[in-house]
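Chemist: One structure follows; several queries about it will come next.
Read the figures in this text as sums done on the coordinates, not as results from a lab. The structure presented is a predicted model; accordingly, all values stated were derived computationally and were not measured. So basically every Cβ, Gly included, is an ideal-geometry build from the backbone, and we count neighbours across all protein chains shown.
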Amino acid sequence: MGRFIEELGVSGYLEIWKEYPDGGLDLVHSDHNTIVSGMGVGLAMLFGGTGSDTIDNFQIKYLELGEAAWEDYGLSTFTLQDELSRSQYDSSSLIIYDLDQIKDGHLFPEVMILIAQDMIRRVAINSVQYTLTLDTGTANEVTMNEIGLLMKNPTGNADADHPILVAYKTFGNITKKEEFSLIFKWTLSF
């Protein structure tokens, strides 16, 4: 599957910013991410005509944050180490779902954030940027150090989406405080 992803030339880059009420910005993380095997699985289903028959099910529409990053991760990573719970987000500004996520061919219940359409924009002919903001009232006092992007529903399950992890990144511990918003800008290029 790694060769398939390499041949497609899929890559990504993550920036994490702290934004203060006065408009000040601090870049706290900037690095390439890891495209994981779920991307290959989803794209193989799309190009092979298996799985969903609706193109929007192959879009990246969910994001997860976690608090116990993998030390050794790579192409075969299919889950975050320790995803945040609904109560840790404690947010009224985000749309949060409880969905069964595909992990190594099995379904596991997880909490994830919907990436709304206004959080997605084309930044180049071959690049899309996903921007998620944890505002000053969201996830305060939670320490995070991992993040993942998920494809919406590549198997085409009719009852509810079954997302699959397609990109993953660890970063140094960031404890979210009410004194700032935390902005994640994740760019994928194809």
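Chemist: Mind checking the angle between helix 37-48 and the chain's longest principal axis? C-alpha axes, 0 to 90 degrees, to the nearest 10.
Modeler: Helix 37-48 sits at roughly 40 degrees to that axis.
Chemist: In whole Hz, what ³J(HN,Hα) sequence does segment 99-114 give by Karplus (6.51, -1.76, 1.60; θ = phi - 60°), x for Gly and Pro?
Modeler: 9, 7, 9, 6, 10, 6, x, 10, 9, 9, x, 9, 9, 9, 9, 6
Chemist: Can you tell me the mean projection area, over all orientations, of the convex hull of the chain's alpha carbons? Units nm², please.
Modeler: Seen from a random direction, the Cα hull of the chain projects 10.5 nm² on average.
Chemist: Once you keep just the Cα pairs under 8 angstrom separated by 6 or more residues, what percentage relative contact order results for segment 111-190?
Modeler: 39 percent
Chemist: Suppose a student asked you for the relative contact order of the chain, using Cα pairs under 8 Å spaced at least 6 residues apart; what percent would you report?
Modeler: 32 percent.
Chemist: Can you give me the C-alpha center-to-center distance between segment 45-74 and segment 102-140, rounded to a whole angstrom?
Modeler: Each part's Cα centre sits 11 Å from the other's.
Chemist: Taking only C-alpha pairs under 8 Å that are 6+ residues apart, what is the relative contact order of segment 46-88 in percent?
Modeler: In percent, rounded to a whole number, it is 33.
Chemist: Oh, and also: State the dimensionless ratio Rg/Rh of segment 51-161 (Rg: radius of gyration of Cα atoms; Rh: Kirkwood radius).
Modeler: Reported Rg/Rh (Cα atoms, Kirkwood Rh): 0.96.
Chemist: Related question: For PHE180, enumerate residues with amide H under 5 Å from its amide H, sequence gap 5+ or separate chain, H modeled in the peptide plane.
Modeler: It is none; the list stays empty.
Chemist: Something else: Please give me, ordered by residue number, the GluC sites (Glu not before Pro) of segment 54-88 that lie in loop per DSSP and have at most 11 other Cβ atoms within 10 Å.
Modeler: Answer by residue number: GLU71.
Chemist: Please sort by residue number the GluC sites (Glu not before Pro) in segment 118-190 whose DSSP state is loop and whose Cβ has at most 10 other Cβ atoms within 10 Å.
Modeler: GLU141, GLU179
Chemist: Nearest 0.05, what FRET efficiency do SER85 and GLU15 give at R0 = 22 Å with Cβ-Cβ as r?
Modeler: About 0.30, to the nearest 0.05.
Chemist: If I model a spin label as a point 7 Å beyond the Cα along the Cα-Cβ vector, how far apart are those points for SER93 and THR54 in nm?
Modeler: Label-label distance for SER93 and THR54, simple model: 2.9 nm.
Chemist: Using each residue's phi in segment 162-174, evaluate 6.51 cos²θ - 1.76 cosθ + 1.60 at θ = phi - 60° and report the 3J(HN,Hα) Karplus result to the nearest Hz, with x for Gly and Pro.
Modeler: 10, x, 9, 5, 10, 8, 9, 7, 9, 8, x, 3, 10
Chemist: List the residues, sorted by chain then number, that are 5 or more residues from ILE115 or on another chain and whose placed amide H is less than 5 Å from its amide H.
Modeler: Those lying under 5 Å, H to H, from ILE115 are TYR62, LEU63.
Chemist: Moving on to the next point. Less than 17 Å apart at the alpha-carbon level, and either on another chain or at least 8 residues along: which lysines does that give for LYS177?
Modeler: LYS18
Chemist: Under 5 Å between amide hydrogens, which residues at least 5 positions from ASN157 or on another chain qualify, with H placed 1.01 Å from N in the peptide plane?
Modeler: Long-range HN contacts for ASN157: HIS162.
Chemist: Can you work out the Karplus-derived ³J(HN,Hα) for every residue in segment 141-152? Use 6.51 cos²θ - 1.76 cosθ + 1.60 with θ = phi - 60°, whole Hz, and x for glycine or proline.
Modeler: So the Karplus estimates, Gly and Pro as x, are 6, 9, 9, 10, 8, 8, 8, x, 9, 10, 6, 4 Hz.
Chemist: Between THR133 and PHE108, what's the calculated FRET efficiency when r is the beta-carbon distance and R0 is 25 Å? Round to 0.05.
Modeler: Taking R0 as 25 Å, the efficiency between THR133 and PHE108 is 0.40.
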